[in-house]
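K.L.:
Okay, here's the structure, questions in a sec.
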Amino acid sequence: MEPEDIRPALADSAAVTADLSKLRYLFVSLGVIVLDQWTKWLVEFRLPQHTARTILPGVLNLTYVRNTGVAFGLFASQGMTGGSWLLTTLGLAALTAVGLYFWFAPPRDRLLLIALSLVVGGAVGNLLDRMTSGAVTDFIDVYVGSHHWPSFNVADSAISVGIVLMALDSFRSRKPKPETT
């Protein structure tokens, strides 16, 4: 085999290896899913629904609520039949889009891959809740005085951090990789 005959095979092998190396970022997603489901289980097991436990007075409570809407209680069931299935379907579509974005992202874009992994983990965590019980468990209640942020969970936090990291990544300059011959 001539040296130039080996180059395409080596390039294909390098591309497959690079794509497989991206899979390690999915451990971030798995970590988010496990932490999210574990904390939700703890809250459901130890805290009666709609009960608040103060963690940091004036700032943070644990308050177990069931969210039938999307993030932060938006579009919670308002007599809408099939609303939960609609939100599940939209969630699956969004997860598919983020998954494709992850798959086609260059392996060298580590910040983007971490961001997408956080979003995937958070989306799966909330979809698991929605598919198994029709609602998402929220419990983190941040507030100042009488002004409360809508309750959220670990999955929501991972999605929010992932989106911020994606925004930061979008401002980075992309230098073309030099060609090697």
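K.L.:
Along each of the three principal axes of the Cα atoms of region 20-72, give the extent in whole Å, ordering the values from largest to smallest.
P.N.:
45, 26, 22
K.L.:
For an R0 of 35 angstrom, estimate the FRET efficiency from the Cβ-Cβ distance between residue 170 and residue 30 and round to the nearest 0.05.
P.N.:
Working: r = 25 Å, r/R0 = 0.73.
With a Förster radius of 35 Å, E is 0.85.
K.L.:
Just to be sure I understand the model, the point goes 7 Å from the Cα along the line to the Cβ. What's the resulting residue 128 to residue 96 distance in nm?
P.N.:
2.2 nm
Where a number appears in this text, it was derived from the coordinates with a stated rule and is not lab data. Bear in mind the structure is a predicted one, so any value in this text is a computation, not a measurement. Here the Cβ is made from the backbone with ideal geometry for all residues, glycine too, and neighbour counts use every protein chain on show.
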